[in-house]
Amino acid sequence: MKPTPQQRIWMYETMLKSRLFDDAVFEAYWEGKKPVFHMGKGPLPGEMHQSFGQEPTAVGVVAHLGPDDAVGAGHRPHHVAIARGVNLERMAAELFGKKTGLSGGRGGHMHLYDNKVNFFCSGIIAEGMGPGAGMALARKLQKKPGIAVAYNGREPGRLSRSDEHGGPVEIAVRLCDRGQQVRRVGHDPGVHGRAGVETRRRL
Ligand SMILES: Cc1ncc(C[n+]2csc(CCOP(=O)(O)OP(=O)(O)O)c2C)c(N)n1
């Protein structure tokens, strides 16, 4: 598919929106967590997995999809959610645990769900293949249009989880979104350093 000029503009704007969203989340995440990292402190307690550098894999895929298609991201979902058109205000509210969030603030950043745009994700590695296969099968059995795409990272290759759906997987598209640079937070000083953040570049 050769993108039209309008699609190119949408792609650029969406990637920029995703990057600005993650920049703002990064700032908010560190509130109350310095100088000694404590994962439970601040307005955004818990883990945080951001999409820096992976924005193109979201717009590139979503540009090929229609409204009937389902899209499932993994534990690093912001770029895919934004490209899919998940309501940004309700998404932000969900991250901050607010009642106005997509799931009433109970899901957090790894469990965003918006059925208005057929978007889902999960913090469990390769979990998307199950619901993705189910959504594809439902469309097939009900003779409704649409396909399902489930994003995986690098890890599912090493974990057996994705293979649990070995049969039905054939009817959903499995997409490996492998970032060259990931930013991950945690509480292991050996891995994440005193500040609690690990930024690493993959070769
Ligand atoms: C089934 C399962 N096992 C282990 C984990 C813990 N876990 C969280 S992130 C992660 C690494 C994921 O690596 P990758 O898929 O390459 O994505 P990245 O975070 O490096 O972008 C693991 C093992 C999990 N969330 N789910």
Tell me, which helices (runs of 4 or more DSSP H) lie completely within the stretch 63-160 with 2 or more residues that are modelled with pLDDT of 95 or more and more than 16 Å from the ligand (Cβ to nearest atom)? 78-84, 88-95
Would you confirm whether any residue within the stretch 64-77 is buried (at least 18 other Cβ atoms within 10 Å of the Cβ), touching a residue at least 40 places away in the same chain (Cβ under 8 Å) and β-branched (V, I, T)? yes
Single condition I125 does not satisfy, out of (1) within 20 Å of Y29 (Cα to Cα); (2) without any contact (Cβ under 8 Å) to a residue 60 or more places away in the chain; (3) under 16 Å from the mean Cα position of the chain (by Cα); (4) surrounded by fewer than 24 Cβ atoms within 10 Å (Cβ to Cβ): (1)
Residues of the stretch 1-31 being assigned to a helix (DSSP H, G or I), loosely packed, with under 15 Cβ neighbours inside 10 Å and not β-branched (V, I, T), in sequence order, are P5, Q6, Q7, R8, Y12, E13, L16, L20, D23, A24, E27
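Could you look through the stretch 107-118, keep only residues that are more than 10 Å from the chain's Cα centre (by Cα) and within 19 Å of V62 (Cβ to Cβ), and pick out the one that is surrounded by the fewest Cβ atoms within 10 Å (Cβ to Cβ)? Before the answer, list the steps.
Filtering the stretch 107-118 down to residues more than 10 Å from the chain's Cα centre (by Cα) leaves 107-108, 113-118.
Subsequent filtering for residues that are within 19 Å of V62 (Cβ to Cβ) retains 113-118.
Details: Y113: 16, D114: 19, N115: 9, K116: 12, V117: 15, N118: 20.
Among residues in the stretch 107-118 that are more than 10 Å from the chain's Cα centre (by Cα) and within 19 Å of V62 (Cβ to Cβ), the one surrounded by the fewest Cβ atoms within 10 Å (Cβ to Cβ) is N115.
The values are calculated or read from the model by the stated rules, or taken from the named source; none is laboratory data. Bear in mind that the values here come from a model prediction, so they are computed numbers and not experimental data. Every residue, glycine among them, receives a Cβ derived from its backbone with ideal geometry; neighbour counts consider all protein chains shown.
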